[in-house]
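The values are calculated or read from the model by the stated rules, or taken from the named source; none is laboratory data. Just so we're clear, the structure is a prediction, and the values are computed from it rather than from any experiment. Cβ coordinates were reconstructed from backbone atoms using ideal geometry, including for glycine residues, and neighbour counts include every protein chain displayed. Just the protein is used for accessible areas: all its heavy atoms, side chains included, with ligands, DNA and RNA removed. Shrake-Rupley method; radii C 1.70, N 1.55, O 1.52, S 1.80 Å.
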Amino acid sequence: MKFETRALHVGQAPDANGAVVPGIELSTTFAQRSPGHPLGAYDYSRSGNPTRERLEQCVASLEGGKHGLAFASGLAATVTLMHTLKPGDHVVCIDDVYGGTQRYFRRVAKGMGIRFSFVDFGAHAEHLESAMEPETKMIWLETPTNPTMKVVDITQTARIARGHTGVVLVVDNTFMSPFCQRPLELGADVSFNSVSKYINGHSDVIMGMLCLSDDTLHSKLRFLQNSLGAVPSPFDCYLALRGAKTLAVRMRQHETNARQVAAYLEAHPHVRQVLYPGLESHAQRDVAARQNYCAGGMLSFVLDGGLLESKRFLEHCSIMTLAESLGGVESLIEHPALMTHASVSPDVRERLGISDSLIRLSVGLEHIDDLLAELAAALDAAFSKTKCPDPVS
Ligand SMILES: *Cc1c(COP(=O)(O)O)cnc(C)c1O
């Protein structure tokens, strides 16, 4: 079955009543006919729940993996995965990793004895190779990166991981979703998704998932999922499954809109640079074309101004809601230096290219004419010579 069909049917066969949309199984516990012999496959919902299992099977199939595990948030998935490591183990992580992942690695996991090297292995495979140690047990890659949209070659990274025994390659696939990028097909061991973004797609669920094919690692993670207990609610699993059904159509339209927005911004006199993997001007466009099925809906751009212009511009956006997060049906726009990446130190921000004039946009499914009209008006307002009211400080 093709992607679109699997999104609708894997894990979603009609239930015992014939319900075409299987119900939400809210029960925390399941009856047993004799001690230790449950009537069905479940005994307690932390350990296993039918609604969660439907979602896990569906998303695993979309990622091209054998197994899927759902968690209460993307970070809960990360924490659970890190529990497969022990003190003294070493992790090589891409330097501009998602802020929440970075905070957990640097400020929590490090205190528990896991060692980290943060490396720019974007364009230079040799940086990654030279960071590998005998104790390296995991490589954590995120591509495209946030918010500068650097694309890293997953196949090449997987080749380096294979050259060292016992190294698990994890790819954070949140920015692309399994419709646009399937890390397991490219040699990664685990594909990570913050389901809160594109997979659920409607900005109303916080959830994370790990997808993989290795049976041994899966057993460990299944044990940890139950032992740590950071599981999502059945209701949220139902919503995420409903969201996943339309992932393909949403991603196609996100991409169509994003391509037009990127082209418009690139031609605009007040925009210095547009960072979008679907553009000819993107530094790693060849890698992106090779490893991605679609260029997705995330882009960043650099205004030809400073903080004042950025604030004016963002305060004039209304359809494009000024808010953190991404991947929802509605467009979300934000200022990484003051919002999502405010906790990153100024020198690191500068090194990563997160300046005061950088804007990140999650292009939604509004009509393209409305998006372009709003961009035009907000850019006009931001750069107009007539005195604007001072931005909110
Ligand atoms: C949001 C996000 C996460 C964390 O997921 P939560 O569901 O917010 O816990 C991890 N990685 C990326 C790239 C994200 O955008």
* Residue check for THR148: within 13 Å of the ligand (Cβ to nearest atom), in contact with a strand residue (DSSP E or B) (Cβ under 8 Å, 6 or more places away or on another chain), β-branched (Val, Ile, Thr) and farther than 20 Å from PHE105 by Cα -> yes
* Only one of these conditions is not met by GLU25: (1) under 25 Å from TYR98 (Cβ atoms); (2) touching a Pro at 6+ places or on another chain (Cβ under 7 Å); (3) open to solvent by 50 Å² or more (accessible area, probe 1.4 Å). Which number is it? -> (1)
* Please give the number of the condition GLY68 fails out of (1) open to solvent by less than 10 Å² (accessible area, probe 1.4 Å); (2) within 11 Å of the ligand (Cβ to nearest atom). => (2)
* Which condition breaks for PRO147 when tested against (1) modelled with pLDDT of 95 or more; (2) crowded, with 24+ Cβ neighbours inside 10 Å; (3) not acidic (Asp, Glu)? -> (1)
* Sort through PHE105, PHE116 and tell me the only one that's touching a Phe, Trp or Tyr at 6+ places or on another chain (Cβ under 9 Å), within 15 Å of the ligand (Cβ to nearest atom) and not polar (S, T, N, Q). => PHE105
* Residue list for the range 62-116, filter: more than 21 Å from SER343 (Cβ to Cβ), in a loop (DSSP other than H, G, I, E, B) and within 15 Å of the chain's Cα centre (by Cα) -> GLU63, ALA72
* Top-ranked residue in the range 37-61 [being part of a loop (DSSP other than H, G, I, E, B) and in contact with a strand residue (DSSP E or B) (Cβ under 8 Å, 6 or more places away or on another chain); ranked as modelled with the lowest pLDDT] -> LEU39
* Inside the range 256-271, can you point out the residues that are in a helix (DSSP H, G or I) and either buried (at least 21 other Cβ atoms within 10 Å of the Cβ) or hydrophobic (A, V, I, L, M, F, W, C) (or both)? -> ALA258, VAL261, ALA262, ALA263, LEU265
* Give the number of residues within the range 281-297 that are of a type in the set (A, V, I, L, M) and more than 23 Å from ARG250 (Cβ to Cβ). => 2
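Test THR256 against the criterion of being touching a residue at least 24 places away in the same chain (Cβ under 8 Å), not acidic (Asp, Glu) and not assigned by TED's automatic domain parsing to the domain that holds GLY48, and give yes or no.
Considered against the rule, which asks whether it is touching a residue at least 24 places away in the same chain (Cβ under 8 Å), not acidic (Asp, Glu) and not assigned by TED's automatic domain parsing to the domain that holds GLY48, THR256 comes out as yes.
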* Asked: Is one or more of the residues making up the range 200-212 open to solvent by less than 40 Å² (accessible area, probe 1.4 Å), among the hydroxyl-bearing types (Ser, Thr, Tyr), within 12 Å of the ligand (Cβ to nearest atom) and touching a residue at least 60 places away in the same chain (Cβ under 8 Å)?
  -> no
